[in-house]
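K.L.:
Following this message is one structure expressed as structure tokens.
Computed from the coordinates by the stated procedures, all read-outs in this text should not be read as laboratory data. All figures in this text were calculated on a predicted structure; none of them were measured in a lab. Note that we place each Cβ from the backbone using ideal geometry, even for glycine, and neighbour counts take in every protein chain shown.
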Amino acid sequence: MKCALCNNYKQLQLSHIIPKFVYDYIKKTGLLNTRFVMPLENDGKFYQDGDKEYLLCHDCEELFSASEKHFCENIFIPFKKDGFYKAINYNNSDYFCVASILWRILFCDIRDDNQNFNNEQMQHLRYYENIMKDFLIGNRTNLGTIKLYIYFFEVIESGESIKDLNIHQSIRRGTSGYTLVSDNVYLVFCNMAGIILIAILEDFKYKEKWQNCEIINGSAQLQPPQNTSSILWASLIEDIKEIEQKELSENQQTKIDKKILENKEAYLNSESFKEKINDINLKK
Ligand SMILES: [Zn+2]
């Protein structure tokens, strides 16, 4: 089969769309340190539960996994451990990693036409997907006008409009990613348990604001505080409302309650519980 990145006909590997380290982290810090994971902790829209696809050949998979390891150790784990209170250093490997994850999402959205893009939109998206692919494969040295951002979703202490959404559990314990197209903006995003990666492909009216979030293809720092104004937030809130409406079946809920009771202490020490408390605090 044809590799989605290098276009060579080779045996394809089963590739994660959102990197495996994100799911490993969610499982490890979840309800319990066992194979039992909250069934819906917390599946967003598209590419959930560690979606895997036959996408890349062995060489391309290796190319991606080297940068994923760097990103995980230098950005993901430090943020999940300490939050974003001081500068985080990154380099071109992390930039490459962000580009590769967002490219995978864009590629699958175009291929599967998940969102009924019209012809014009599809043309634009294909154009940008090619630029990203050429960059990743080494056929070009930059992403042209495409800009990449990393946003760290910190604990929120107040916010009337979001107080009933369980936003911490949804975003900081969840994953999602898709291509978002409006009249003014084309963007691709990926939420990895609170680290949100964004590629702005087009911003016709310069409405997107991502202060202190942009990353460059080189060694630099991201400095707090970050401020944003983006169409992404309304879309994420809609997704979360959808998730909230999906109630667990009685059977699932009984199983979870039983596990919690059997392992009370482990649960009280878990990240799942911490985010639940963050959501309860926001409701006050
Ligand atoms: Zn390949």
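K.L.:
Taking R0 as 22 Å, what FRET efficiency do you get between Asn184 and Lys246 from their Cβ-Cβ distance, rounded to the nearest 0.05? Write out the running numbers ahead of the final one.
P.N.:
On the way: r = 31 Å, r/R0 = 1.39.
The pair Asn184/Lys246 has a calculated efficiency of 0.10.
K.L.:
Lysines within cross-link reach of Lys264: Cα-Cα under 27 Å, excluding same-chain residues under 8 positions apart?
P.N.:
Here the lysines satisfying the reach criterion relative to Lys264 are Lys27, Lys28, Lys80, Lys81, Lys163, Lys246, Lys255, Lys274, Lys276, Lys283, Lys284.
K.L.:
Relative contact order for the chain: what is it in percent, counting Cα pairs under 8 Å that are at least 6 residues apart? Numbers along the way, then the final one.
P.N.:
Working: 435 pairs, mean separation 68.3, N = 284.
Once normalised by length, the contact order is 24 percent.
K.L.:
Where does each of Glu242, Glu202 land when they are ranked from fewest to most other beta-carbon atoms within 10 angstrom? Could the numbers behind the result be given before it?
P.N.:
Numbers: Glu242 11, Glu202 18.
Going from least to most buried by this count: Glu242, Glu202.
K.L.:
Using alpha-carbon pairs under 8 Å, 6+ residues apart, how would you state the relative contact order of segment 182-270 in percent? The partial results should precede the final answer.
P.N.:
Details: 62 pairs, mean separation 15.0, N = 89.
Relative CO of segment 182-270 lands at 17 percent.
K.L.:
Further question: I'd like to compare 15-21, 128-134, 252-258: which one has the highest average count of other Cβ atoms within 10 Å, and what's the full order after that? Don't jump to the answer; show the numbers that get you there.
P.N.:
Numbers: 15-21: 21.1, 128-134: 19.3, 252-258: 12.7.
Ranking the peptides 15-21, 128-134, 252-258 by packing returns 15-21, 128-134, 252-258.
K.L.:
Roughly what angle does helix 92-112 make with the longest principal axis of the chain, taking Cα atoms, 0 to 90 degrees, to the nearest 10?
P.N.:
Computed tilt is about 90 degrees.
K.L.:
Label Ser93 and Asp51 with points 7 Å out from Cα along Cα→Cβ: what is the distance between them in nm?
P.N.:
2.8 nm
K.L.:
Specify, per residue and in Å³, the volume enclosed by the convex hull of the alpha carbon atoms belonging to the chain. Intermediate results must be reported in sequence, preceding the final value.
P.N.:
Numbers: hull volume 39.8 nm³, N = 284.
Dividing the Cα hull volume of the chain by its residue count gives 140 Å³.
K.L.:
Under the 0.36 nm per residue contour assumption, what length would be gained going from the current alpha-carbon distance of Lys28 and Ser235 to full extension?
P.N.:
Working: separation 207, 0.36 × 207 = 74.52 nm, distance 2.85 nm.
Gain in length upon complete extension: 71.7 nm.
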